[in-house]
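First the structure, in the form of structure tokens, and then the observations on it.
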Amino acid sequence: MSDSRLLGDVPVLIVRPGGASSANALPTVLWFHGLGADKELHLPELQRFAAAGLLAVGIDAVGHGRRRLPDFEQQFAGSSVANARLFNALVARTVAELPGLIDALVDRRLTDPQRIGVAGVSMGGCIAYGALVADRRLRAAAALLGSPAWLRPERADFPLDRFFPAALLSITAENDDVVPPAAALALHQRLAFAYRQAADRLDYRVIPAASHFMQPAQWANAVGQASTWLARFLA
């Protein structure tokens with residue numbers, strides 16, 4: 001069963017694990033879609049996370065889904081620089097909503113505050129990286145085909161300490177020319193020292209021969225890896 005509702009001003013789609021009591025706060029994963037998509041598109045992924053024992057909460061990013069920009073296509077028809085600026089703004093605004101969204105889930109006793117994770121694909125993967133910086137309550141993350149580049153992690157003052165001890169899995173595609181994996185790999189290399197006492201909580205994986213728009217079997221593999229990772233650290 002799925003439940004579409006507003007939490008504050010944020011449209012969400014909630015899928016509960018089978019047999020879970022509505023009286024119990026559950027381990028939770030917040031899921032973010034890619035650019036131009038919406039939460040409903042990822043109902044199969046939400047169902048897969050729920051089957052792993054997680055309350056799966058799909059979220060419409062700012063400017064998407066039920067709050068889609070009325071001139072979305074026109075706004076993203078500009079130069080690459082303008083498109084990147086708009087993209088980063090929508091990502092940042094979505095990340096900024098995250099603490100309030102977690103508060104709402106916890107206040108409604110839907111979510112166990114000690115077992116909250118985040119995951120997403122493409123734009124959603126970018127959001128997942130920012131989420132770990134924004135809210136220390138997140139205990140695990142799976143970023144699929146995303147990039148932390150918008151956070152400028154190469155800066156000397158970048159807050160690497162905001163990640164540990166959250167369990168971070170990044171999954172990239174070997175031949176991704178839409179969201180190049182270099183920034184994700186570089187972040188993991190920089191984080192290695194912080195995770196040296198708990199190396200099993202940091203993992204970078206590549207789907208061989210995959211492009212950004214994966215074949216169905218490749219996508220199923222990536223989602224399966226993410227689901228296993230999140231269940232391991234949350235369920």
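The values are calculated or read from the model by the stated rules, or taken from the named source; none is laboratory data. Since the structure is predicted, the reported quantities are computational estimates derived from the model, not experimental observations. Glycine also receives a Cβ, built like all others from the backbone with ideal geometry; neighbour counts cover every protein chain displayed. For the accessible areas, the whole protein counts, side chains as well, though only heavy atoms, and no ligand, DNA or RNA atoms are used. Shrake-Rupley method; radii C 1.70, N 1.55, O 1.52, S 1.80 Å.
Mean Kyte-Doolittle hydropathy of -1.0 or higher plus an axial Cα length of 18 Å or more: which whole DSSP H helices in the chain meet both?
80-107, 216-234
Can you pull out the trypsin sites (Lys or Arg not before Pro) in region 143-235 whose DSSP state is coil and whose Cβ has at most 10 other Cβ atoms within 10 Å? Don't jump to the answer; show the numbers that get you there.
Numbers: sites: Arg155, Arg162, Arg190, Arg196, Arg201, Arg205, Arg232; in loops: Arg155, Arg196.
Answer in residue order: Arg155, Arg196.
Taking the alpha-carbon set of region 1-74, what are its Rg and Dmax in Å?
13.0, 45
From Cα pairs below 8 angstrom and at least 6 apart in sequence, can you work out the relative contact order of region 62-167, rounded to a whole percent?
Here the relative contact order equals 21 percent.
Under 8 Å for C-alpha pairs, at least 6 residues apart: give me the relative contact order for the chain, rounded to a whole percent.
After rounding, I find 19 percent.
How compact is region 61-147 by the rule of thumb for globular proteins, expressed as Cα Rg over 2.2 N^0.38 Å?
After normalising by residue count via 2.2 N^0.38 Å, the value is 1.19.
DSSP loop chymotrypsin sites (Phe, Trp or Tyr not before Pro) in region 15-57 with at most 10 other Cβ atoms within 10 Å of their Cβ, which ones?
Passing both the DSSP loop test and the Cβ count: no residue.
Which order do Leu55, Leu110 take by accessible area at a 1.4 Å probe, largest first?
The most accessible residue leads, giving Leu110, Leu55.
Tell me the relative contact order for region 57-124 as a rounded percent, counting alpha carbon contacts under 8 Å between residues six or more apart.
Relative contact order for region 57-124 comes out at 24 percent.
May I ask for the distance between the Cα centers of region 202-216 and region 114-182, given as a whole number of Å?
15 Å
Heavy atoms only, probe 1.4 angstrom, no DNA, RNA or ligands counted: give me Met1, Met214, Met123 ranked by accessible area, highest first.
From most exposed to least exposed: Met1, Met214, Met123.
Leaving ligands, DNA and RNA out of it, report the carbon-plus-sulfur percent of the accessible area of the chain at a 1.4 Å probe.
Carbon with sulfur: 54 percent of the solvent-accessible area.
Per residue, how many Å² of accessible area does the chain show with a 1.4 Å probe?
Values: 10330 Å² over 235 residues.
Accessible surface, normalised per residue, equals 44 Å².
What nm distance separates the two modelled labels at Ala194 and Phe76, each placed 7 Å from Cα along Cα→Cβ?
My value for the distance between the label points is 2.9 nm.
For a quick check of your reading of the filter: which GluC sites (Glu not before Pro) in region 69-158 sit in a DSSP loop and have no more than 16 other Cβ atoms within 10 Å?
Passing sites in region 69-158 are Glu154.
From Cα coordinates alone, what are the radius of gyration and Dmax values for the chain in angstrom?
16.6, 50
For a label point 7 Å from the Cα of Glu154 along Cα→C-beta, name the residues of region 104-128 whose backbone N is under 20 Å from it.
The answer is 126-127, whose backbone nitrogens lie closer than 20 Å to the label point.
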